[in-house]
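Participant: What follows is a structure written as structure tokens; I'll ask about it next.
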Amino acid sequence: MSEPKQIPIRFPEADLDFDQLTVTPANRAILAAVRRSDHWPYHVFCLVGSSLSGLTTIAKAWARERGGTYMDGKDFAALKSEQIETLASNDFAIDRPDLISDQTNLLFAVSAAERLGSKMLLAAGSAPATWQSCSPDLMSRLRSAPIAEIPLPDEPLMRARLKRACDRAYLNMPIGVEDYLVTRLGLDYSRIEYVIEALAGLAADRPLTIPLVREVLGQENDEAN
């Protein structure tokens, strides 16, 4: 397959609130559990999800709804103790704490949130028990935190994510092509972005048809092998 002649133009998508998210049987329970912060059995809640499963979107939406702060894990790791104390004065979310090599700040934040009565959402790629840098003291505290994993999407959720990816790429996908693509992507969030980016590059010179989608999927399989 020839290289795309046009680089797809993408603009940053505005952060979504909970009422803007697509809710289906696949994610209804997990979203409800995250939002019921006042009923969490512990002041920390760990949300686990795979790449592109919506971890960051949910963490940001939760922080805004709670009037709190969202922080990327790397930025959080650079905070000083007094900054963490200020952060923990309100509810806050930390994205990908599992990638932080030194968990000292996280232990301090868990303690500060408990002392100050705030809620803390951890949006991670895996459960704390698998974090290699998790100290015994931090692990003992996080054992009390409920852990919920973002489930695989159902078809309505895959369609919603597919349409959102098309909107970002300014790609108008016919319903017949969408039907064909949904049945062949499987329940895999990560494949959506690859396929839409490839289609957006090719569709500048060719009609967006099922043969074009078939070609892109074949190229994807070749690269995987």
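The values are calculated or read from the model by the stated rules, or taken from the named source; none is laboratory data. Since this is a predicted model, take the numbers as computed values, not measurements. Every residue, glycine as well, gets a Cβ built from its backbone with ideal geometry; the counts of neighbours run over all protein chains shown.
Participant: Could you check, for region 60-80, whether at least one of its residues is among the charged types (D, E, K, R), in the same structural domain as Ala123 (by TED's automatic domain parsing) and closer than 23 Å to Leu152 by Cα?
Facilitator: Checked region 60-80: at least one residue is among the charged types (D, E, K, R), in the same structural domain as Ala123 (by TED's automatic domain parsing) and closer than 23 Å to Leu152 by Cα.
Participant: Failed condition for Leu142, given (1) within 16 Å of Leu47 (Cβ to Cβ); (2) in contact with a Gly (Cβ under 7 Å, 6 or more places away or on another chain), with all others met?
Facilitator: (2)
Participant: Condition (residue is on the phi < 0 side of the Ramachandran plot, among the aromatic types (Phe, Trp, Tyr) and not assigned by TED's automatic domain parsing to the domain that holds Val110) applied to region 152-171: is it met by at least one residue?
Facilitator: No, region 152-171 contains no residue that is on the phi < 0 side of the Ramachandran plot, among the aromatic types (Phe, Trp, Tyr) and not assigned by TED's automatic domain parsing to the domain that holds Val110.
Participant: Does Arg35 satisfy being surrounded by 10 or more Cβ atoms within 10 Å (Cβ to Cβ) and modelled with pLDDT of 90 or more?
Facilitator: yes
Participant: Moving to a separate point now. Name the residue that is surrounded by the most Cβ atoms within 10 Å (Cβ to Cβ), counting only residues in region 22-31 that are over 13 Å from Glu65 (Cα atoms) and not charged (D, E, K, R).
Facilitator: Filtering first and then ranking leaves Asn27.
Participant: Here's something else I'd like to know. Which of the residues that make up region 47-67 are under 21 Å from Leu138 (Cβ atoms) and small (Gly, Ala, Ser)?
Facilitator: Gly49, Ala59
Here is a yes/no grid of residues against (1) free of Cβ contacts under 8 Å to residues at least 60 places away in the same chain; (2) within 21 Å of Ser118 (Cβ to Cβ):
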site: Leu21; (1), (2): yes, no
site: Pro25; (1), (2): no, no
site: Ser51; (1), (2): no, no
site: Gly67; (1), (2): yes, yes
site: Gly73; (1), (2): yes, yes
site: Ala78; (1), (2): yes, yes
